[in-house]
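What follows draws every value from the coordinates through simple rules; no lab data is involved. It should be emphasised that the depicted structure is a prediction, and the values quoted were computed from it without experimental measurement. Note that each Cβ is placed from the backbone with ideal geometry, even for glycine, and that neighbours are counted across all protein chains shown.
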């Protein structure tokens, strides 16, 4: 389910964090669901366990996942809200991008049509997991 691009400029732990958050928002990962162990995910992705640990620690710091000693990591009940709060804080970048569109001559109606498409129900419905959602 997770894919890491070793050639990307984005650090591997950030790639993995983004994918976990994406799957939470798409309801592939549900609140209370257990995440793969550090060891198993490390083996599956052929990544150093420290990379997985760093990912999980950052997601825990953000309130997206919870560590339960002796049991593992679980998706927080407040994960979607926490991710939303962070997205809201980053809306300045979206504003800058829209401003760049305006400077490039893209009509406001075209930008608004893009926003409308993003908010259409079929765009925000659950996206099925590539492998049926059984293996994380």
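The table below gives the values:
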| item | result |
| --- | --- |
| The chain: angle of helix 79-89 to the longest principal axis, Cα-based, in degrees nearest 10 | 40 |
| Ranked 56, 119, criterion: other C-beta atoms within 10 Å, fewest first | 119, 56 |
| Residues 101, 114 arranged by fewest to most Cβ contacts within 10 Å | 114, 101 |
| Rg [Å, one decimal], Dmax [Å, integer] - the stretch 1-88, C-alpha atoms | 12.3, 35 |
| Residue-averaged 222 nm ellipticity for the chain, from DSSP H runs of 4+ at -39500 (n - 2.57), nearest 500 | -16500 deg cm²/dmol |
| Ranked by how many other beta carbons lie within 10 Å on average, peptides 7-15, 92-100, 37-45 from highest | 37-45, 7-15, 92-100 |
| Helix 49-61 vs. the chain, principal-axis angle (Cα, 0 to 90°, nearest 10) | 60 |
| On Cα atoms only, tilt of 108-118 relative to the major axis of the chain in degrees | 30 |
